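The values are calculated or read from the model by the stated rules, or taken from the named source; none is laboratory data. It should be emphasised that the depicted structure is a prediction, and the values quoted were computed from it without experimental measurement. When we count neighbours, we look across all protein chains shown, and the Cβ atoms used for this are built from the backbone with ideal geometry, even at glycine. We work out accessible area using only protein heavy atoms, side chains counted, and drop any ligands, DNA or RNA first. Shrake-Rupley method; radii C 1.70, N 1.55, O 1.52, S 1.80 Å.
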Amino acid sequence: MQVTMTVNGAEVTRDVEPRLLLVHFVRDHLGLTGTHWGCDTSNCGACVLWMDGEPVKSCTVLAAMAAGRSVRTVEDLARDGELDPVQQGFMQCHGLQCGFCTPGMLMTARHLLDRDPDPSEATIREAISGQLCRCTGYQNIVAAVRWAAEHPHGAAEVDDEAVTQSAPAAPGEGRSETEVSA
Amino acid sequence: MTTAETDAARADAEAGATAPRSAAGNPIGFGRMLRKEDARFLRGRGRYLDDIQLPGMLHGAILRSPFAHARIAAIDTSAAEAHPKVTAVITGATLESLGLAWMPTLSDDVQAVLATDKVRFQGQEVAFVVAEDRYAARDALELIEVDYEPLEPVVDARRALDPDAPVIRSDVEGKADNHVFDWESGDPARCDEVFAAADVVVRQDMTYPRSHPAPLETCGSVAHMDPVTGKLTAWITSQAPHAHRTVYALVAGLPEHKIQVISPDIGGGFGNKVPIYPGYVLAVVGSIVTGAPVKWVEDRSENLMSTGFARDYHMRGEIAATRDGRILGLRVDVVADHGAFNASANPSKYPAGFFNIFTGSYDLQAAHCKVTGVYTNKAPGGVAYACSFRITEAVYLVERMVDLLADELGTDPAELRMRNLLRPEQFPYRTQTGWEYDSGDYPRALRLALDMAGYDELRAEQAERRARGELMGIGLSFFTEGVGAGPRKHMDILGLGMADGCELRVHPTGKAVVRLSVQTQGQGHETTFAQIVASQLGIPPEDIEVVHGDTDQTPFGLGTYGSRSTPVSGAAAAVVARRVRDKARLVAAAALECSPDDLEWEHGRWHVRGDPSQGRTIQEIALLAHSSLELPEGVEGHLDASAVYNPPNLTYPFGAYVCVVDVDPGTGRVAVRRFVAVDDCGPRINPMIVEGQIHGGLADGVGMALMQAIAFDEDGNCLGGSFMDYLLPTAMECPPWELGETVTPSPHHPIGAKGIGESATVGSPAAVVNAVIDALEPFGVRHADMPLTPAQVWLAMQGRPARTDIAVW
Ligand code: FES
Ligand code: FES
């Protein structure tokens, strides 16, 4: 069957099998491999992208169901070479390690901040609770989303702080203490 | 190691705060630095295995056994072969004719690539289909008919050695039981004496259930055997590309120089991506048979049911002490479930890994352990999941036993630990089982953890809550890790000594490329290894390219697992950078027309002692080294070096953890309220990355203690084959982590670093379990096996905690 949809602002039309999953459509047919796949049971959220402005698990949506709709993937977050504030936040706060969960986390985080520009840490945790990260223990992801909330225009407006490398890794959450051998 | 070197290591430890900054604002050396690799990951531009598309690429899928133990009477592939999109169907019989039906495991056993005679675990590989697309490949699996004759399975590790147990490994000639190995360590006679003389002996059986590392990216491979050049290029989700290449050469008889293994970006490994899996080999066979590139990527159920599991240790511990709380001895008897094939990635002389480090962080008079490995009808694997070769099991055992002893003696567990921890002046310390701990100040770490937690206040709060009928628990653990395997004369895998190479080349313009034998799965090597070189050479880290994961581009080495990267490869990088620095000195001396002995190194520059204005920066020297400058006899041009680092000993990171939980008395649900983790991994190359690794390991600990287990039913059906059944912690189960650090450099590591990758996974499960058992004290609960799910906790409150490895309906 033929499907037509808007992906990252551009209209695409492809011949696909009716059973083709949206995650495979964007990855294998469009070459947008930023959206990942991590489970068979809709539990991990590695595949989260937006459909008509809402985050969806694209392993649980058929490409055919996205016909006529608008899809946005992680590749569309940065604009004109400028990272979105959530992307900057993930970098500043070390919100990623292997990077496999990151695209899904970024798409959920952007959606959250669009609705709730100043979410609490508890709200952030709830927002990403349908997604797994096996590397970070989540704390720096939460911090990254808070960073983006505090810098809605990204590093541009906070020049100095954005480039300083010694900003606390996890503002607001946790704490750390150090003792060095004499 | 000289005092000067120790001092140098210590200076490096503190360099983080003072490292000079590059023009880009990065530390030229140690310190917090944002990661270079993030730029691509954040844009969705990472290149993971399944992102690879080659022209004409075909897709493979594996048919797996529904039975845990069954004879294969017949396989009919004709319908699958007739599928219009299917290119090839491969069975065990096909492989047998090629001599490829069995492959060596990393433990010198063999494992079936595709089953020939019988299947030995649910999920075992039975046939491989190659088709035009991934959907068609899976369709064709349904068309294969296999005639199975079910056999009685062996599921319970403790019963595997019963004389009447069915023999799983009938493929091994003369094999009449399910025994894999016996391994002993320590002095049993001395233990007997110490135990006989002790005032108090506490015994406990405990199972560390089978767990699975479940990296978010599953395993896979793209293999391309070029029919013209005869060169095999294999992209593999591998933590050890060089070891994989050598094994491929051995398995398939392919010439090693015609094999290129590439580990692309890896979506998490945690040990899961160390072993060689049948799917990797099948992708190669598929490519040979079809002449086209073949991609195989497992789905999540395949990952959980068939690839490297972890733990499955069934332990009986005994601890002996004086009445006043002096721990005297520890002994343990273990039945180790290795599944159907012994495929652990252990150093060959250590069939139970480093489990005999089980004396932990305490000063004991005697210790003894005995480990019996058994085959069962479960997936093979064994050492996986950030366990530092079974130190996870060892730490769990000793830390549970210490808590049980505290309970028996009526002593506070913090006080009991403080009384028995090794003292700083005892280092280097030789344990009762022969490990030589390099350095440490254990009491200081424990004190810091207790202070950060506010331990006394927590105990007071607990007493108040208990009076109100609330269940609050406080759990401690103290761990000593042993990482960076290993000295190559003691440690090898399949005969390959555990040393790692490194190559460094400084280009004429002063930029550099460093080539590593290890591979990152998220640890940030592209950043930290640039920092290591920067710390020694003064070249800004942004000017240093790190190359890794490609056997054609990098020197040989054993790979990233057992927290080896920093202790072994990091040392190699430091050594190689120092060699370049030494050579730079000779070049600078030639340029300055002075003796090399008159030169002094400071901030990336050799200058004349007493006259800093007379000097050359490393960048200037790089150009000079490539120029027509006349160099002294014996000094070659250019500026590069290579090294192979053979560690003299393991490094021994350690830490003290405090966990606070609240248990719902009505449901048994455990909530982790706080988690304080004090880690000492020596100097931190990049503290941001170190803390991130700790966070991840702590989440693993909470998961293992409370949620994660791969259990089986009595028929050998895997009950943890999806993320609906095998539960992993989300952001909701994880508290904000509270981290502290002490810094005790390793005296034998060139930069004093000890490695951190697995510390938190090793140390944290015991703290969580100890906290839950502490919370359940009003019910008289002494022990309950992980995972402490609401059901398990509730059963424990009723006085009948269940087995968690086997579900008995
Ligand atoms: S791939 Fe796991 S939820 Fe979609
Ligand atoms: S960064 Fe690896 S899974 Fe999240």
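Here residue B:85 fulfils each of the conditions (1) farther than 14 Å from residue B:134 by Cβ; (2) basic (Lys, Arg); (3) within 14 Å of chain A (Cβ to nearest Cβ) apart from (1). Does residue B:527 meet the test of being closer than 30 Å to residue B:775 by Cα, of a type in the set (S, T, N, Q) and at pLDDT 95 or above? No; evaluated as a whole, the condition is false for this residue.
Among the residues of the range B:84-115, the ones that are open to solvent by 40 Å² or more (accessible area, probe 1.4 Å) and either closer than 22 Å to residue B:147 by Cα or part of a loop (DSSP other than H, G, I, E, B) (or both) come to 9 in all. The C-beta contact set for the range A:98-126 (first residue assigned by TED's automatic domain parsing to the domain that holds residue A:142 and of a type in the set (A, V, I, L, M), second residue within 15 Å of ligand 1 (Cβ to nearest atom) and open to solvent by 40 Å² or more (accessible area, probe 1.4 Å), distance under 9 angstrom, 6+ apart or interchain) comprises A:107/A:55; A:112/A:55. When residue B:329 is tested against (1) small (Gly, Ala, Ser); (2) touching a Lys or Arg at 6+ places or on another chain (Cβ under 6 Å); (3) touching a residue at least 60 places away in the same chain (Cβ under 8 Å), only condition (2) is not met.
Of all residues in the range B:167-189, one or more are at pLDDT 95 or above and in a helix (DSSP H, G or I). Residues in the range A:37-64 that are open to solvent by 40 Å² or more (accessible area, probe 1.4 Å) and within 16 Å of ligand 2 (Cβ to nearest atom) were compared, and the one that is farthest from the other protein chains (Cβ to nearest Cβ) is A:57.
Within the range B:215-253, the residues that satisfy the criterion of being more than 16 Å from ligand 2 (Cβ to nearest atom) and within 18 Å of the chain's Cα centre (by Cα) are B:236, B:238, B:240, B:241, B:242, B:243, B:244. Annotation note: of B:367, B:379, B:340, the sole residue that is among the hydrophobic types (A, V, I, L, M, F, W, C), on the phi < 0 side of the Ramachandran plot, at pLDDT 95 or above and not in a loop (DSSP other than H, G, I, E, B) is B:367.
Name, by its number, the condition in (1) under 24 Å from residue B:187 (Cα atoms); (2) within 14 Å of another protein chain (Cβ to nearest Cβ); (3) open to solvent by less than 10 Å² (accessible area, probe 1.4 Å) that does not hold for residue B:427. Going through the list (1) under 24 Å from residue B:187 (Cα atoms); (2) within 14 Å of another protein chain (Cβ to nearest Cβ); (3) open to solvent by less than 10 Å² (accessible area, probe 1.4 Å), residue B:427 breaks only (3). Residues that are within 16 Å of ligand 2 (Cβ to nearest atom) and outside any loop (DSSP other than H, G, I, E, B) within the range A:113-147 comprise A:124, A:125, A:127, A:139, A:140, A:141, A:142, A:143, A:144, A:145, listed in sequence order.
Restricting attention to the range A:77-112, the residues being more than 16 Å from ligand 2 (Cβ to nearest atom), part of a helix (DSSP H, G or I) and open to solvent by 30 Å² or more (accessible area, probe 1.4 Å) number 1. Look at (1) open to solvent by 20 Å² or more (accessible area, probe 1.4 Å); (2) over 21 Å from residue B:549 (Cα atoms); (3) within 16 Å of ligand 2 (Cβ to nearest atom) and you find that residue B:212 fails only one, number (1).
Scanning the range A:65-76 for residues that are open to solvent by 50 Å² or more (accessible area, probe 1.4 Å) and without any contact (Cβ under 8 Å) to a residue 60 or more places away in the chain gives a single hit, A:65.
Scan the range B:55-69 and tell me whether some residue there is at pLDDT 95 or above, loosely packed, with under 15 Cβ neighbours inside 10 Å and within 14 Å of another protein chain (Cβ to nearest Cβ). Within the range B:55-69, one or more residues are at pLDDT 95 or above, loosely packed, with under 15 Cβ neighbours inside 10 Å and within 14 Å of another protein chain (Cβ to nearest Cβ).
Quick check, is residue B:797 out of contact with any Leu (no Cβ under 6 Å at 6 or more places or on another chain) and under 29 Å from residue B:338 (Cα atoms)?
Working: out of contact with any Leu (no Cβ under 6 Å at 6 or more places or on another chain): yes; under 29 Å from residue B:338 (Cα atoms): no.
Considered against the rule, which asks whether it is out of contact with any Leu (no Cβ under 6 Å at 6 or more places or on another chain) and under 29 Å from residue B:338 (Cα atoms), residue B:797 comes out as no.
Please verify whether residue B:633 is at negative phi, out of contact with any Ser or Thr (no Cβ under 9 Å at 6 or more places or on another chain) and in a loop (DSSP other than H, G, I, E, B), treating the condition exactly as stated. Spelling it out, residue B:633 is indeed at negative phi, out of contact with any Ser or Thr (no Cβ under 9 Å at 6 or more places or on another chain) and in a loop (DSSP other than H, G, I, E, B).
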